[in-house]
Amino acid sequence: NFQGVAGHSAGEFCALAASGVLTFEQCLRVVTIRGKLMSESVGGSMFAVIDLALDDVTDVIDQLKEKGIIKIANYNSLRQFVISGEIPLLEEAKLLLKTKEAKKIIDLNVSCAFHTSMMEVAGKELGDFLEKIEFRPPNCEFYSNVTGKIVSNTKTIKENTITQLTSSVRWTDIILNMVSNN
């Protein structure tokens, strides 16, 4: 038994299995469907920005978000983020982030702008599939990517599993909450 579990993006399914919310076999089925739905989604891309403060990243996103889809998809650490969105906005964001002295910008080899509204269709279809699956209460602290906090309500965990496709991964919040809870 674990005190607490978490997983980053698709890794959250390992946490669902480890906490007893889903069986290993259920997770394999859900991850297979999730991967298929995500691979059918097209448009946009993602990049990582390394060694820049959140305020600087947020400032750039705020400047561009009125033009279309762009957001922080992953809060990976206090100074490492993944930006996801429409390609022209991502290119503009890279230029702006370089002026703020980002140490490194790395394009990610992905087929879509994951963790954005571009994944809404996949999220709806995943939700339809998950309706048939029973989620059990976790047997330890389960930290959600969507909130970065402990979630124990099975209905909320299921909803977050669907919402996770369009929501930012709050990994930094998860780690900070795990540390402060121990």
- Residues satisfying the stated conditions in region 111-139, i.e. assigned to a loop (DSSP other than H, G, I, E, B) and within 24 Å of Tyr75 (Cα to Cα): Ser111, Ala113, Phe114, His115, Thr116
- Filter result (free of Cβ contacts under 8 Å to residues at least 40 places away in the same chain and open to solvent by 50 Å² or more (accessible area, probe 1.4 Å)) within region 126-155: Asp128, Glu131, Lys132, Glu134, Thr147, Lys149, Ser152, Asn153, Lys155
- Message: Filter region 156-182 down to the residues that are assigned to a helix (DSSP H, G or I), within 15 Å of Val5 (Cβ to Cβ) and open to solvent by 80 Å² or more (accessible area, probe 1.4 Å) and list them by number.
- Response: Val179
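For the subset of region 98-125 comprising residues that are β-branched (Val, Ile, Thr) and closer than 13 Å to Val49 by Cβ, which member is least open to solvent (accessible area, probe 1.4 Å)? Walk me through how you get there before you give the answer.
As a first pass, look at region 98-125 and keep what is β-branched (Val, Ile, Thr): 99, 105-106, 110, 116, 121.
Now restrict to residues that are closer than 13 Å to Val49 by Cβ: 99, 105-106.
On the way: Thr99: 104, Ile105: 43, Ile106: 67 Å².
Of everything passing the filter in region 98-125, Ile105 is least open to solvent (accessible area, probe 1.4 Å).
Yes/no matrix, rows are residues, columns are (1) touching a Cys at 6+ places or on another chain (Cβ under 7 Å); (2) of a type in the set (Ser, Thr, Tyr); (3) farther than 21 Å from Leu90 by Cα:
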{"site": "Ser19", "(1), (2), (3)": "yes, yes, yes"}
{"site": "Leu28", "(1), (2), (3)": "no, no, yes"}
{"site": "Leu37", "(1), (2), (3)": "no, no, yes"}
{"site": "Gly43", "(1), (2), (3)": "yes, no, no"}
{"site": "Val49", "(1), (2), (3)": "no, no, no"}
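Out of the helices (runs of 4 or more DSSP H) lying entirely within region 4-97, which hold 3 or more residues that are touching a residue at least 60 places away in the same chain (Cβ under 8 Å), open to solvent by less than 70 Å² (accessible area, probe 1.4 Å) and under 21 Å from Thr147 (Cα atoms)? Walk me through how you get there before you give the answer.
Working: elements: 12-18, 24-40, 54-64.
In region 4-97, the matching helices (runs of 4 or more DSSP H) lie at 12-18.
The values are calculated or read from the model by the stated rules, or taken from the named source; none is laboratory data. Since we're looking at a predicted model, the values are computed, not measured. Please note: Cβ atoms are built from the backbone with ideal geometry, for glycine as well, and neighbour counts cover all protein chains shown. These accessible areas exclude ligands, DNA and RNA; they are computed on the full protein's heavy atoms, side chains included. Shrake-Rupley method; radii C 1.70, N 1.55, O 1.52, S 1.80 Å.
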